[in-house]
Amino acid sequence: MDDCLAPFFAKSCQSVYACPMATMNISLPDALKDFVDEQVSQRGYGSSSEYVRELIRRDQDRQHLRGLLLEGAQSQPTEAVAPAYFEGLRERVRKGDKRRSRA
């Protein structure tokens, strides 16, 4: 898979268009086309292409997350984690952990 298609790079490709763009034509029934047009205008997308790219990125992220969850479910059990560990995670989320936003 091309690096620019990986879910964790999707946002950088979106913002700077560093990845080469290809054209894809799709056929939609009128009802779906109307829905896409409505989403573009109501949600602030610049074009239907931007909307479709965002849907694809979200699906990539969903599939990536599903893979991680399945991998975790198939992994060997580890020792129990102390409640303080989870409280520390909650506190980081409440404060907006800055380590995750570095990209």
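Does at least one position in the range 23-32 carry a residue that is surrounded by 10 or more Cβ atoms within 10 Å (Cβ to Cβ) and free of Cβ contacts under 8 Å to residues at least 24 places away in the same chain? Outline the logic, then answer.
Keep residues of the range 23-32 that are surrounded by 10 or more Cβ atoms within 10 Å (Cβ to Cβ), which gives 28, 32.
Remaining after also requiring free of Cβ contacts under 8 Å to residues at least 24 places away in the same chain: 28, 32.
The answer is yes; a qualifying residue exists.
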For residues in the range 41-57 being in a loop (DSSP other than H, G, I, E, B) and either aromatic (Phe, Trp, Tyr) or in contact with a helix residue (DSSP H, G or I) (Cβ under 7 Å, 6 or more places away or on another chain) (or both), which is surrounded by the fewest Cβ atoms within 10 Å (Cβ to Cβ)? 47
Please determine whether any residue of the range 15-30 is assigned to a helix (DSSP H, G or I) and at pLDDT 95 or above. yes
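Mind listing just one residue for me: the one in the range 31-73 that is among the β-branched types (Val, Ile, Thr) and closer than 16 Å to residue 21 by Cβ and, of those, nearest to the chain's Cα centre (by Cα)?
Step one: list which residues in the range 31-73 are among the β-branched types (Val, Ile, Thr), which gives 36, 40, 52, 56.
Pick out the ones that are also closer than 16 Å to residue 21 by Cβ and you get 52, 56.
Values: 52: 13, 56: 8 Å.
Looking at residues that are among the β-branched types (Val, Ile, Thr) and closer than 16 Å to residue 21 by Cβ, I get 56.
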Unmet criterion (only one of (1) modelled with pLDDT of 95 or more; (2) in contact with an Asp or Glu (Cβ under 6 Å, 6 or more places away or on another chain)) for residue 7: (1)
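Give the residue, chosen from 60, 76, that is surrounded by 11 or more Cβ atoms within 10 Å (Cβ to Cβ) and either part of a helix (DSSP H, G or I) or at pLDDT below 95 (or both). Lay out the reasoning, then the answer.
Details: 76 fails: surrounded by 11 or more Cβ atoms within 10 Å (Cβ to Cβ).
Matching residue, one of 60, 76: 60.
The values are calculated or read from the model by the stated rules, or taken from the named source; none is laboratory data. This is a predicted model, so every value here is computed, not measured. Quick reminder, even Gly has a Cβ in these numbers, built from the backbone with ideal geometry, and neighbours come from all protein chains shown.
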